[in-house]
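The values are calculated or read from the model by the stated rules, or taken from the named source; none is laboratory data. Note that the structure is a prediction, hence the values are computed from the model and not measured. Methodologically, a virtual Cβ is constructed for each residue, glycine included, from the backbone with ideal geometry; neighbour enumeration extends over all protein chains shown. Note: areas computed on protein heavy atoms with side chains; ligands, DNA, RNA excluded. Shrake-Rupley method; radii C 1.70, N 1.55, O 1.52, S 1.80 Å.
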Amino acid sequence: MRKVIAGINMTLDGFCDHTAGIPDEEIHHHYADLLNNAGVILYGRITYQLMQFWQTLLKSPSGEKSMDDFAVAIDKIPKIVFSNTLKDTAWDSAALANRTVEEVVLELKQQSGKDILVGSRSLIIQLMKLNLIDEYQLCVHPVVAGSGLPLFENINDRTVLKLIKTKTFSGGAVTLYYEPTKID
């Protein structure tokens, strides 16, 4: 069975914002590797449209290897976008979902293949409430944003996570790897 991995960047004060972090070469390599070793990534509309920035680097590479490599990795991985407003993804490797996130994830989990990544705050919250996340990879950047969208907003049930490993980046970011635990 395929694993569902929720991967997201966040600030020290708990806000999710892909633009607030301090992405460096090492972090770009980390996320390119994550994408290259997964089978599909799920996005909500807002994060998906933010990620479309990488399409510009495919057409006009930046010359910074880590960024250009990430652009290639994100272009290659199949993307499923959950949106009520988008009519077209404008990206060959992306498709609009035509069912609920729960239905799509349950079907994907039953298929053989590489892991399923979830890269949007809204989808992580939905899947967390459905107990469909197998691993959390929270990359905490050494930044205090002061405001924004908290990752664990509107979570009403207590969830206990087990730390399984960490990865520290030279720029000060730390990825915390957690698995949900079952409490009897």
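According to the calculation over all Cα-Cα pairs in the range 125-184, the P(r) per 5 Å bin from zero is 4, 15, 22, 23, 19, 13, 4, 1 %. With contacts defined as alpha carbon pairs under 8 Å and 6 or more residues apart, what's the relative contact order of the range 35-107 in percent? Taking the mean separation of contacting Cα pairs over the length of the range 35-107, I get 33 percent.
When only Cα pairs below 8 angstrom with a gap of at least 6 residues are kept, the chain shows a relative contact order of 35 percent. Distance distribution P(r), the chain, all Cα-Cα pairs, bin width 10 angstrom from 0: 9, 36, 40, 14, 1, 0 percent.
Only helical runs count toward this figure. For the chain, summing -39,500 (n - 2.57) over DSSP H runs of n ≥ 4 and dividing by all residues gives -9000 deg cm²/dmol at 222 nm.
Backbone phi angles across the range 162-174, fed through the Karplus curve with coefficients 6.51, -1.76 and 1.60 (θ = phi - 60°), yield HN-Hα couplings of 10, 5, 9, 5, 9, 9, 9, 9, 4, x, x, 6, 9 Hz in residue order; Gly and Pro are listed as x. Accessible surface area normalised per residue over the chain is 53 Å², counting heavy atoms of protein chains with a 1.4 Å rolling probe.
Per atom type, the chain shows carbon and sulfur on 51% of its accessible surface, probed at 1.4 Å. Out of all Cα-Cα pairs in the range 1-41, roughly what percent, to the nearest whole number, are more than 15 Å apart? Of all Cα-Cα distances in the range 1-41, 52 percent exceed 15 Å.
Only the Cβ atoms of Lys and Arg (+1) and of Asp and Glu (-1) were treated as charged; on that basis the dipole of the range 60-184 about its Cα centre amounts to roughly 220 debye.
Of the cross-linked pairs Lys162/Lys182; Lys65/Lys167; Lys87/Lys129; Lys79/Lys182; Lys3/Lys65; Lys3/Lys165, those separated by over 20 Å at the C-alpha level are Lys65/Lys167; Lys87/Lys129; Lys79/Lys182; Lys3/Lys65.
As a calculated quantity, the FRET efficiency between Val144 and Glu102 at R0 = 41 Å, using C-beta atoms, amounts to about 0.75. Once the mean of 1/r is taken over each pair of separate Cα atoms and inverted, the range 37-108 shows a Kirkwood hydrodynamic radius of 13.0 Å.
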